[in-house]
Amino acid sequence: LVGIFAISYQLTAQTIIYVDVDATGSDNGTSWSHAYNDLQDALTYASSNSPAQIWVAEGTYTPGSSSSDSYTMLPDVEIYGGFVGTETSLTQRDFRSNTTILSGNLGAQQAEHIINNTYSIGIRLNNSAVLDGFHIRDGLSSSNYGAAIYNEYASPIIRNCNFYNNTAYYGGAVYNYYSSSTYLNCRFYDNTASSAGGAVYNIGDSNTSHIVTYTNCAFYRNSVRIPSGNNNGYGMALFSGSGVICKIYNSNFYDNDCISC
């Protein structure tokens with residue numbers, strides 16, 4: 001999906017942490033040759049070394065071996081996928097050609113949430129957190145909410161990402177709860193919710209205004225299974241009266257449907 005906006009990156013004095021599932025060096029994240037093999041290791045290092053950018057080479061990454069494992073985005077940490085594993089600048093990457101997958105497929109079981117933005121009320125995760133250039137797929141939520149992203153009290157920027165084959169009760173791919181997130185140049189397709197929001201479910205607090213923004217996004221072939229027969233947003237659901245506002249710009253919705261209506 002090609003956006004109409006040019007994206008400029010503000011590169012400050014940030015630590016660059018390298019991740020490559022195929023790297024064979026010292027596994028310390030200091031270069032492509034010695035990149036971490038596991039994205040979780042990079043996030044652990046970044047938690048005490050921010051601001052930071054995490055550069056992730058093409059390949060498939062899973063958050064762990066347990067169905068309760070997940071990735072957690074961090075304040076002042078930007079995570080970029082789509083590298084070959086030789087680049088020296090962010091502008092050299094081609095995320096459309098170098099497919100970088102965050103997968104919940106653990107074989108016999110699937111990860112509950114692939115990306116988990118859950119924080120306590122006292123911690124504000126603002127727009128300094130970035131996820132850019134990933135395919136996020138195969139999440140299966142046993143806690144009912146957002147199989148790919150469960151975004152609670154957090155407002156990251158999600159750019160250039162594809163969400164597909166994720167399944168949850170509310171928000172097959174994404175559940176935005178008390179959030180003012182930004183989604184730019186993203187595609188949501190072939191996700192399923194049992195009740196509402198085939199791809200995305202948005203909910204907030206009636207006493208607080210939250211704005212979730214979608215720009216240059218596409219929602220297609222998402223579906224909802226609705227045992228009650230109610231229409232609850234085949235592509236996207238917005239919980240009415242909850243204080244959340246969705247702003248949607250230059251985005252498309254098509255071929256979203258109900259499975260059992």
Table column - 3J(HN,Hα) (Hz), region 177-187, Karplus curve with 6.51, -1.76, 1.60, x for Gly and Pro: 10, 6, 10, 10, 6, 10, 10, 10, 6, 10, 10
Can you give me the accessible area per residue for the chain, using a 1.4 Å probe, in Å²? 42
Can you give me the long-range amide H partners of residue 225? Hydrogens built in the peptide plane at 1.01 Å from N, cutoff under 5 Å, separation of 5 or more residues or another chain. 193, 194, 195, 259
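Of all DSSP beta bridges in the chain, what percent run antiparallel (nearest 5)? If you can, show how the numbers build up before the last one.
Values: 1 of 73 bridges.
Percentage antiparallel, nearest 5: 0.
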Accessible surface of the chain [probe 1.4 Å, protein heavy atoms]: carbon and sulfur percent: 46
Over its Cα atoms, what ratio of radius of gyration to 2.2 N^0.38 Å does region 142-231 give? 1.02
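Using a simple charge model, +1 on the beta-carbon of Lys and Arg, -1 on the beta-carbon of Asp and Glu, nothing else, what dipole does the chain show about its Cα centre, in debye to the nearest 20?
720
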Within a Gaussian network of the chain (alpha carbon springs, distance under 10 Å), most fluctuating of 200, 224, 244: 244
How large is ³J(HN,Hα) for each residue in region 160-171, as worked out from phi by the Karplus curve 6.51 cos²θ - 1.76 cosθ + 1.60 (θ = phi - 60°), to whole Hz, x for Gly and Pro? 6, 10, 10, 10, 7, 6, 10, 9, 8, 7, 10, x
Would you kindly derive the ³J(HN,Hα) couplings of region 246-255 from the backbone phi angles with the Karplus curve 6.51 cos²θ - 1.76 cosθ + 1.60 (θ = phi - 60°), listing them in order in whole Hz, with x for Gly and Pro? 9, 10, 10, 10, 6, 10, 10, 10, 7, 6
Quick one: Debye curve from the alpha-carbon atoms of region 50-106 only, equal weights, vacuum; give me log10 I(q)/I(0) at q = 0.18 Å⁻¹ to two decimals. -0.69
Once Lys and Arg get +1 and Asp and Glu get -1 on their Cβ, which of 68, 102, 189 lies farthest toward the positive end of the dipole of the chain? 189
Per the chain, sqrt(5λ) over the Cα gyration tensor eigenvalues, sorted largest first, in Å, gives 30, 19, 17
GNM of the chain, Cα pairs under 10 angstrom: of 100, 86, 182, the biggest fluctuation goes to 86
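The values are calculated or read from the model by the stated rules, or taken from the named source; none is laboratory data. Just so it is clear, the structure is predicted and the values come from calculations on it, not from any experiment. Please note: Cβ atoms are built from the backbone with ideal geometry, for glycine as well, and neighbour counts cover all protein chains shown. All accessible areas refer to the heavy atoms of the entire protein, side chains included, with ligands and DNA or RNA removed. Shrake-Rupley method; radii C 1.70, N 1.55, O 1.52, S 1.80 Å.
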